[in-house]
Structure formats: structure tokens, C-alpha cells
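**Student:** Below is the structure I would like to discuss, written out as C-alpha cells.
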Amino acid sequence: MADDLHPIFDELYQQGFKVDQTTQGHYSVKSPNGLGIVHIAQSGDSHAYKNILRDLKRIGFIWPPPPRPKTANGVSAKAEPCCTQCFNGFTCKNARCVCHQPYVPPKPKDGDALYHDLSESKVALQLADEVLAAKEKILREAQHERDEAEGLRKVALASFVQAKKLFDDHMCKDVMLESREPLLATPEKKDG
């Protein structure tokens, strides 16, 4: 079946899909925009080929391949932003859509370009470290303020508990006195 898939794999590369082979010999196909992945396993099933094409079309693969417009120098015309139809299970008719353009791998960089990239990455890392250190300082200060607020709350809670206890004790005494008053009060004289 792998031999049957070679034209499909070639077109997947042309359309910008990323194809990786797993250690078990299966294939993983990732759409150019990263929104979809299809896993392909070797199968002797007569419907496997159609099922693979169906699954690939759902993530934007066009089969049979569309004609690609060329510029005067033979390179594909500039691609436009991809439409959402390609990734919603519909077949896009826009040949200038990104998902229809051939994948062009980046040119390998020379030593100077790689050193420049490394220097920029180092500066970006230093800036990220500085930002992280500043945020950690803010976090420590906020944690300290939170701990102080928690301590104040504990003191306020203890004060509240003590005040409530005194209030409850006082109210309890008043209620007890009120309930005893009728018993302690002298009875009223009745006329008659």
C-alpha cells in the first residue's frame, strides 16, 4: 500500500503538509496551519485508500491536485491567506489559497546568518530572564503583602471572636434576667 501512497505523499509535500513516519512504520500527516492531523497505517483493506483520501481532505488536502498558476519565472504565484473552507471539510476552489501552494523548504543558512540568529536568541533570552526576574520580584512583594494582610485578618478575627463572646455573654445575662423578672416581680393585685 505504501507504493500506492507515494503520489499522495508527493502532493502532500507540494501542498505544504508535514509527513512524518513513526517508529512503527505508520505515517502522521499534519496540515500546513497545524489545525488537523491524520494518522495513516499500512492496511490491506480495499477501502483504506479511499478512507485515507477522505480523512486527508477533511484537513484541507486537495486530490486530485489542482493546477498551480505560475509566474513568468516558473514559480508559483504568491499565495493568499488560507480560507476556512479548506479546513471545514469543503473543497476550496481558490488555487491561490496557501493550502494549495507547494511547500518550499527554507534555504539553509550560512555560518554568519546562524551566528546572527544565535546572538539575537541570546539577547531575547536575556530580556526574557530580566522580565521573569522583575515579575518574580513583584510576585514576592505581593506575597509579602498578602501574608501581612492575612496576619491582620487573623488579629481582626481574634478580636471579633472575643467581642462576640462578650456580646453573647452579655445578651445571655440580659435574656436570663428578663425571663426571671416576671418571677421576681411582685404580682399585681387583682380587683375583686
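**Student:** Compute the signed sum of charges (Lys and Arg +1, Asp and Glu -1) over the other residues within less than 14 Å, Cβ to Cβ, of V19. Could you put the intermediate results ahead of the total?
**Tutor:** Working: positive: K18, K30; negative: D10, E11, D20, D55.
Net local charge, V19 excluded: -2.
**Student:** Could I ask something else about it? Calculate one ³J(HN,Hα) per residue across the stretch 23-39 by plugging θ = phi - 60° into the Karplus curve 6.51 cos²θ - 1.76 cosθ + 1.60, and present them in order as whole Hz with x for glycine and proline.
**Tutor:** Along the stretch 23-39, the couplings run 5, 8, x, 7, 10, 10, 10, 10, 5, x, 8, x, 7, x, 9, 10, 9 Hz.
**Student:** So, one more: What does the highest-first list of 13-21, 131-139 look like by mean Cβ count within 10 Å? Spell out each step's value before the answer.
**Tutor:** On the way: 13-21: 16.7, 131-139: 10.0.
Ranking, from highest mean packing down: 13-21, 131-139.
**Student:** Which ³J(HN,Hα) values, rounded to whole Hz and listed in residue order, are derived for the stretch 120-132 from phi using the Karplus coefficients 6.51, -1.76 and 1.60 in 6.51 cos²θ - 1.76 cosθ + 1.60 with θ = phi - 60°, glycine and proline given as x?
**Tutor:** These are the phi-based 3J(HN,Hα) values: 5, 5, 5, 5, 4, 5, 4, 5, 5, 5, 5, 4, 4 Hz.
**Student:** Sum up the charges of everything whose Cβ sits under 13 Å from the Cβ of L53, counting Lys and Arg as +1 and Asp and Glu as -1, but leave L53 out.
**Tutor:** Values: positive: K50, R54, K57, R58; negative: D4, E11, D55.
So the surrounding residues net to +1.
**Student:** Beyond a 28 Å Cα-Cα separation, which of these cross-linked pairs lie in this structure: K57/K109; K30/K50; K18/K109; K18/K135? Before the final figure, lay out each step's value.
**Tutor:** Values: K57/K109 34 Å; K30/K50 18 Å; K18/K109 21 Å; K18/K135 38 Å.
Table pairs above 28 Å Cα-Cα are K57/K109; K18/K135.
Every number in this text was worked out from the coordinates using simple rules, so none of it is lab data. Quick caveat: nothing in here was measured; it's all calculated off a predicted structure. Here the Cβ is made from the backbone with ideal geometry for all residues, glycine too, and neighbour counts use every protein chain on show.
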